[in-house]
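The values are calculated or read from the model by the stated rules, or taken from the named source; none is laboratory data. The structure presented is a predicted model; accordingly, all values stated were derived computationally and were not measured. For neighbour counting, all protein chains shown are included, and Cβ atoms are generated from backbone atoms with ideal geometry for every residue, glycine included. Accessible surface is based on the protein model in full, side chains and every heavy atom, while ligands, DNA and RNA are left aside. Shrake-Rupley method; radii C 1.70, N 1.55, O 1.52, S 1.80 Å.
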Amino acid sequence: MKYVLALITGIVGLVLGALIVLFLLGAPKAKPLPGLPVQAPDPAGDPPGTAVITLDEKFFDALLGTIFRDLGQPSFPLELTKLEQSLFDDSILRTIPVALQNDCPDQVVIKTEGSNIKTGVRFTGGKIIAPLAFTGSKNLFGCQRFQGWAQANISLRFDQEKQTVYGQIDV
């Protein structure tokens, strides 16, 4: 019996001690949440169901890095236009050895860097621009290799009726 009374007295003393400490020091305060409280939408703003997506240059740098790392360097075939076909006799083009045709593909390859330019997407002056470093080759009277960079301008259009965003790239 004496042990039970000692145990009860110890528990009561511990609880009373904790209450006195809380009373004197106060309850710990929670840190305020970051950001601003969520408020009701502005009645004069966008209609309900509107989503706003913000993409910055870092997003596109990461996207391009993933493309170059996982999918390889994008390449595009070069084809003779109708004007070029009319200027050259098919027999001339057939005389290029097959071995050279595999060594010299008619294509442009986008590079991560080249000609002191890094391929990327930039937002400047209300425009979307994309410098593109490239190399390539054209099998025309022998293998013609080239390299350089190009400035691409990206234009976006929104069709309200179709709820569709269209993009056009001018290089």
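For Leu64, indicate whether it is surrounded by 10 or more Cβ atoms within 10 Å (Cβ to Cβ), over 16 Å from Lys118 (Cα atoms) and not acidic (Asp, Glu). No, not satisfied. Only residues that are under 20 Å from the mean Cα position of the chain (by Cα), under 21 Å from Pro77 (Cβ atoms) and in a loop (DSSP other than H, G, I, E, B) were counted across the stretch 116-170, and they come to 1. Only one of the numbered conditions (1) surrounded by 10 or more Cβ atoms within 10 Å (Cβ to Cβ); (2) at pLDDT 70 or above; (3) touching a strand residue (DSSP E or B) at 6+ places or on another chain (Cβ under 7 Å) is not met by Gln101, and that is (2). Within the stretch 161-171, does at least one residue satisfy the condition of being surrounded by 13 or more Cβ atoms within 10 Å (Cβ to Cβ) and within 19 Å of Leu64 (Cβ to Cβ)? No, the stretch 161-171 contains no residue that is surrounded by 13 or more Cβ atoms within 10 Å (Cβ to Cβ) and within 19 Å of Leu64 (Cβ to Cβ). Would you check if there is a residue in the stretch 23-40 being within 29 Å of the chain's Cα centre (by Cα), under 30 Å from Val165 (Cα atoms) and open to solvent by less than 100 Å² (accessible area, probe 1.4 Å)? No: the stretch 23-40 contains no residue that is within 29 Å of the chain's Cα centre (by Cα), under 30 Å from Val165 (Cα atoms) and open to solvent by less than 100 Å² (accessible area, probe 1.4 Å).
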